[in-house]
Amino acid sequence: MNPSMADLTIVVPTYNERERLDPLLMGIFQAADAQLINVQVVVVDDNSVDGTGQRADEWARGGRVRVVHRPKKLGLGSAVLDGFAVADSNIVGVMDADLSHPPDLIPILYSTMRAGDLDFVVASRYVPDGGTRDWAFARRALSRVACWLARPITPVRDATSGFFLARRDRLDGFRTRVRGFKIGLELFVRAEPRRVAEVGYVFVGRTSGQSKLTLRECTGFILQLAGLYVRSLSGAAARPGHFIVPVRAESRTTASVARRLGA
């Protein structure tokens with residue numbers, strides 16, 4: 001497949017994820033190929049010391065993977081935006097490299113985006129058909145509190161999701177100084193989407209490696225949220241339309257999704 005004609009680009013930020021990169025990329029391509037979706041993957045590596053970047057370069061020789069090498073850890077949010085900047089498709093997305101996000105959901109997110117006049121489709125833990133597994137109680141509670149705090153500024157129930165698709169034209173000219181890991185929340189508010197849908201999925205806590213969550217990231221999230229509250233109070237943009245799409249097989253045909261979204 002010619003990556004310059006991709007239907008969809010998935011950005012995968014990485015730091016020391018070598019052992020998970022192969023199963024992740026195989027899963028993405030298998031899921032997309034089964035639905036005849038021409039997918040390109042952009043790996044944005046922050047100078048991993050375990051050889052993740054080099055392994056990604058080996059995948060890139062096949063033509064379906066591009067690699068952006070960065071000199072050091074510069075923040076997950078900026079990694080996502082750097083990946084979007086080199087994407088060749090009109091629909092772009094992001095997912096974690098640690099296998100917590102199921103590649104099998106990508107075709108469902110993509111078909112939902114195509115079926116409705118949507119700016120974002122978010123994989124959500126906090127809508128029907130969504131949930132979490134093998135995740136520490138403290139992390140789960142922190143996530144729920146963060147999403148609850150974000151509800152006044154976005155209708156997205158899983159506002160801290162790191163697994164979503166977006167129309168690239170909604171990102172044209174997007175600027176932010178946020179470097180942390182909640183770039184989704186920043187986009188859901190500052191990109192001023194008109195229509196957003198959420199699709200439920202089950203998040204699986206990572207079984208190996210180290211979590212990227214730090215006290216610094218938590219502090220950054222609070223500051224980010226405060227800035228978004230200030231922007232919201234200024235009345236800068238209208239609240240987008242919000243839809244929840246079931247993932248049951250009989251409910252996710254293009255026609256049924258379009259009817260649900262009023263498209």
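The values are calculated or read from the model by the stated rules, or taken from the named source; none is laboratory data. If you're wondering where the values come from, they're calculated on a predicted model, not measured in any experiment. Cβ: placed from backbone, ideal geometry, glycine included. Neighbour counts: every protein chain shown. Protein only, heavy atoms only, side chains kept; ligands, DNA and RNA dropped before computing areas. Shrake-Rupley method; radii C 1.70, N 1.55, O 1.52, S 1.80 Å.
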Q | Charge sum, other residues only, whose C-beta stays under 13 Å from Thr9's C-beta, Lys/Arg counted +1 and Asp/Glu -1 | A | +1
Q) Label points 7 Å out from Cα along the Cβ direction at Glu217 and Ala141: separation in nm? A) 1.9 nm
(Q) So for each of 17-26, 114-123, 78-87 I average, over its residues, the number of other beta carbons within 10 Å; can you give me the resulting order with the highest mean first? (A) 114-123, 78-87, 17-26
Q.
Quick query: amide H of Thr132 versus all other amide H atoms, modeled in the peptide plane; which residues come in under 5 Å with a sequence gap of 5 or more or a different chain?
A. Phe203
Q | Residues of segment 1-159: accessible area per residue with a 1.4 Å probe, Å² | A | 42 Å²
Q: For Glu58 paired with Tyr229, estimate the spin-label separation in nm (one decimal), with each label point 7 Å from Cα along the Cα-to-Cβ line.
A: 4.9 nm
Q.
Just to be sure I understand the model, the point goes 7 Å from the Cα along the line to the Cβ. What's the resulting Ala238 to Val86 distance in nm?
A. 3.8 nm
Q) Please state the relative contact order of segment 30-149 as a whole percent: Cα pairs under 8 Å, 6+ residues apart? A) 21 percent
